[in-house]
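> First, the structure itself, so that you have it in front of you.
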Amino acid sequence: MTATSYEYGPHHTYVDPYAFDGSAYGDFPIAPPRPPERLDIAIDPQDRRRLELHAALTAAGIPPLPEDREAIDRLSALPGNINDTIQRWLQHAL
């Protein structure tokens, strides 16, 4: 009996992330959009603060619960410098 050794598996082929059509086997991450295809949409500052606050809470080990939404929305409505301070406090908690 002969064993064959494959460096990258028996069916490994290079997959260009921009040319991936979904027909190959396996699980592949979604490729980032090509720069010319990206949408040029600005995010409202309050929405950006809300997203940043969600990320800061999660990074600090405090994943937001659905019932926390109102508190996060109200905190995000505060001026940007207050939101920055809250995020700094959460970063120092790590």
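> Take the conditions in a loop (DSSP other than H, G, I, E, B), surrounded by 12 or more Cβ atoms within 10 Å (Cβ to Cβ) and out of contact with any Gly (no Cβ under 6 Å at 6 or more places or on another chain) and apply them to ALA31. Does it pass?
So ALA31 fits the description; yes.
> When the residues of segment 34-67 are filtered to those that are farther than 14 Å from ILE86 by Cα and of a type in the set (A, V, I, L, M), which remaining residue is most open to solvent (accessible area, probe 1.4 Å)?
Among those that are farther than 14 Å from ILE86 by Cα and of a type in the set (A, V, I, L, M), it is LEU39.
> Further, regarding this structure: Just checking, how many residues over segment 74-94 are open to solvent by less than 50 Å² (accessible area, probe 1.4 Å) and within 22 Å of the chain's Cα centre (by Cα)?
6
> Hey, another quick one. What do you reckon, is ASP40 modelled with pLDDT of 85 or more and charged (D, E, K, R)? First the steps, then the outcome.
Numbers: modelled with pLDDT of 85 or more: no; charged (D, E, K, R): yes.
In short, no.
The values are calculated or read from the model by the stated rules, or taken from the named source; none is laboratory data. Note that this is a predicted model, so its numbers are computed, not measured. Reconstructed Cβ throughout: ideal geometry from the backbone, glycine too, with neighbour counts over all protein chains shown. The area values use the complete protein model at the heavy-atom level, side chains included, leaving out ligands, DNA and RNA. Shrake-Rupley method; radii C 1.70, N 1.55, O 1.52, S 1.80 Å.
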